[in-house]
1. May I ask you to give the solvent-accessible area per residue for the chain, in square angstrom, as obtained with a 1.4 angstrom probe?
2. Counting only protein heavy atoms and a 1.4 Å probe, tell me what percentage of segment 86-141's accessible area is made up of carbon and sulfur.
3. Between segment 33-53 and segment 115-139, what is the C-alpha centre distance in whole Å?
4. Hey, can you rank 94-103, 147-156 by average C-beta count inside 10 Å, highest first?
5. Can you give the % of DSSP beta bridges in the chain that are antiparallel, to the nearest 5?
6. Place a +1 charge on the Cβ of each Lys and Arg in segment 77-170 and a -1 charge on the Cβ of each Asp and Glu, then give the dipole magnitude about the Cα centre in debye, rounded to the nearest 20.
7. With the cut-off at 25 Å, report for the chain the share of all Cα pairs above it, as a whole percent.
8. Any idea which of Val89, Asn128, Ala153 is furthest toward the positive side of the dipole for segment 17-170, if Lys and Arg beta-carbons carry +1 and Asp and Glu beta-carbons -1?
Amino acid sequence: MALKGKQTHGMCVNSETGRLKQVVVHSAVDALRAVEPHNYHSLLIDAFMDPRAVEREHARFRACLEKVTGPNGCLDFSDLLIETVRESVDGRKFLAHVLPGHDLSGLNPEELVYAAFTGYVQGIKVANPIPNTLFMRDLATVVGDTVFLANFALEPRWRESLLMETVLRF
């Protein structure tokens, strides 16, 4: 899917070698903590990842990016989703459909986003987590003033595209 104009929030990339100004990052630590050791392969993860190690590596990676972008240049995917749900009724309704068959209307923005990533609603597992959001480069790319969203073929990654679409559309 391609988004253009208002839905891209002014994003524009006209150079592969120009200075990086902003980047969306996500540690996916909550989702990784929700991965059960026996099912990581079904979630398209090659090897079980220690969430504590991932958290440390992500912090180092983010620090490197911030040396280029400045302290406000790294946008956290979870924070963007929480802000979207908080500020847009339509965004909240759209995101509430990422876990079909479950009433998420009573959740606050933080709980709703946590459920979307981990598959847990108020401590009850209702879906598999989506730890592959660690790899943000897979979800979307910007070429010129057009954002291209990934359309994943395999079910374990479908929810990721919906989350990115929520941020961009609303």
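1. Working: 9760 Å² over 170 residues.
On a per-residue basis, the chain sits at 57 Å².
2. Working: 1510 of 2910 Å².
After summing per-atom areas, the C and S share lands at 52 percent.
3. So the two Cα centres are separated by 12 Å.
4. Working: 94-103: 15.7, 147-156: 13.9.
So the peptides 94-103, 147-156, ranked by packing, come out 94-103, 147-156.
5. Details: 10 of 13 bridges.
Taking every DSSP beta bridge within the chain, about 75 percent pair in antiparallel fashion.
6. On the way: 8 positive and 12 negative charges, 40 e Å.
About 200 debye.
7. Working: 4684 of 14365 pairs.
Across the chain, Cα pairs with separations above 25 Å total 33 percent.
8. Ala153
The values are calculated or read from the model by the stated rules, or taken from the named source; none is laboratory data. The shown structure was predicted, so the numbers you read here are calculated from the model rather than taken from an experiment. Cβ sites come from the backbone with ideal geometry, for glycine too, and all protein chains shown count toward neighbours. Remember, those area values only see protein heavy atoms, side chains included, never the ligands or the DNA or RNA. Shrake-Rupley method; radii C 1.70, N 1.55, O 1.52, S 1.80 Å.
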